[in-house]
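Structure, as structure tokens:
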């Protein structure tokens, strides 16, 4: 059997490449009919994610342990999967105050692939392995492969090389667990969303599923690292006017102080919401608030109620 025929058969067997019986006549539908079909299929995605919650929990534990040990969370994907990883990583510094580089996304084909498809870049395992080497992955890091179809060579190459270097490895795919055959993966999250509305268009249900899982991984990890108080982000960076005003609103909501007082304490805390909260609620100065947060491992509740 030729290499091309073998690849054809492999791709043809993937669940993400099957035809969806519910959209067989979608080309003959009205706009309203098309939208109804897409919406009905999308409703199945959260239920598919729910089935994988135990594995997502295991992945979060690995991520938190890695980040607390000075490691990084690094995503590797191609096409839509790669772009979603880059987006999730890029949103963590402004949302949770993570240092740049702590969570990072890599896409087959590099930065240009974010805006224009570089499809051939995903076909070689060595491309993924080389990106892992360029990222200087080590045994403190957590490397998460993202591939809707499971089989993307770029992602498999990244996982193999990361495992060789001693990193913990995770995998997000949209194929059934009983078909998962990628070696050297510590935890696989297999979100089986079934065939796409348009055959093989994994930017749809598969992309939605991957986005939901990525939201869970980083948000839950950040909560477990003390970056949320009640249900508010308290480690955000005041990098634009919107985030400055959101920071004031968070301080006002939690402490009950006026707009002017919130502005005053954020200035005294050098723009650090956590510190401002501890200063106001515990009635301490900047240095004491910083010390309390350090001893409380960054958790505001513990810092406030220190005896």
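Output the helices (runs of 4 or more DSSP H) that fall wholly within region 223-307 and possess 3 or more residues being outside the structural domain of residue 60 (by TED's automatic domain parsing) and within 22 Å of residue 94 (Cβ to Cβ), or say none.
Here the list reads 241-255, 259-268, 273-282.
Yes/no per residue for (1) under 14 Å from residue 129 (Cα atoms); (2) touching a helix residue (DSSP H, G or I) at 6+ places or on another chain (Cβ under 8 Å); (3) modelled with pLDDT of 95 or more:
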position	(1), (2), (3)
151	no, yes, no
184	yes, yes, yes
189	no, yes, yes
197	no, yes, yes
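Of the conditions (1) more than 22 Å from residue 157 (Cα to Cα); (2) surrounded by fewer than 12 Cβ atoms within 10 Å (Cβ to Cβ); (3) free of Cβ contacts under 8 Å to residues at least 40 places away in the same chain, residue 29 satisfies every one except a single condition; which number is it?
(2)
Report the residue count in region 148-191 for those that are surrounded by 20 or more Cβ atoms within 10 Å (Cβ to Cβ) and under 29 Å from residue 27 (Cα atoms).
7
Could you figure out which of (1) farther than 14 Å from residue 73 by Cα; (2) assigned to a helix (DSSP H, G or I) isn't true of residue 150?
Among (1) farther than 14 Å from residue 73 by Cα; (2) assigned to a helix (DSSP H, G or I), the lone unmet condition for residue 150 is (2).
Tally time: how many residues in region 185-201 are more than 20 Å from residue 83 (Cα to Cα) and either in contact with a strand residue (DSSP E or B) (Cβ under 6 Å, 6 or more places away or on another chain) or not assigned by TED's automatic domain parsing to the domain that holds residue 39 (or both)?
3
May I ask you to list the residues in region 203-244 that are more than 28 Å from residue 62 (Cβ to Cβ) and at pLDDT below 95?
Residues satisfying the conditions are 238, 239, 240, 241, 242, 243, 244.
For region 61-79, name all the residues that are in contact with a helix residue (DSSP H, G or I) (Cβ under 6 Å, 6 or more places away or on another chain) and crowded, with 21+ Cβ neighbours inside 10 Å.
Across region 61-79, the qualifying residues are 63, 73, 75, 76, 77, 78.
Look at residue 201 and say whether it is free of Cβ contacts under 8 Å to residues at least 40 places away in the same chain and either under 26 Å from residue 35 (Cβ atoms) or in a strand (DSSP E or B) (or both).
yes
Those residues that are in contact (Cβ under 8 Å) with a residue 12 or more places away in the chain and either surrounded by fewer than 16 Cβ atoms within 10 Å (Cβ to Cβ) or more than 28 Å from the chain's Cα centre (by Cα) (or both), I need them from region 250-260; list them, please.
253, 255, 257
Return yes or no: is residue 130 in a loop (DSSP other than H, G, I, E, B) and either farther than 27 Å from residue 13 by Cα or touching a residue at least 60 places away in the same chain (Cβ under 8 Å) (or both)?
no
The values are calculated or read from the model by the stated rules, or taken from the named source; none is laboratory data. Nothing here was measured: the structure is a model prediction, and the numbers come from that model. Neighbour counts run over all protein chains shown; Cβ positions are idealised from the backbone, glycine included.
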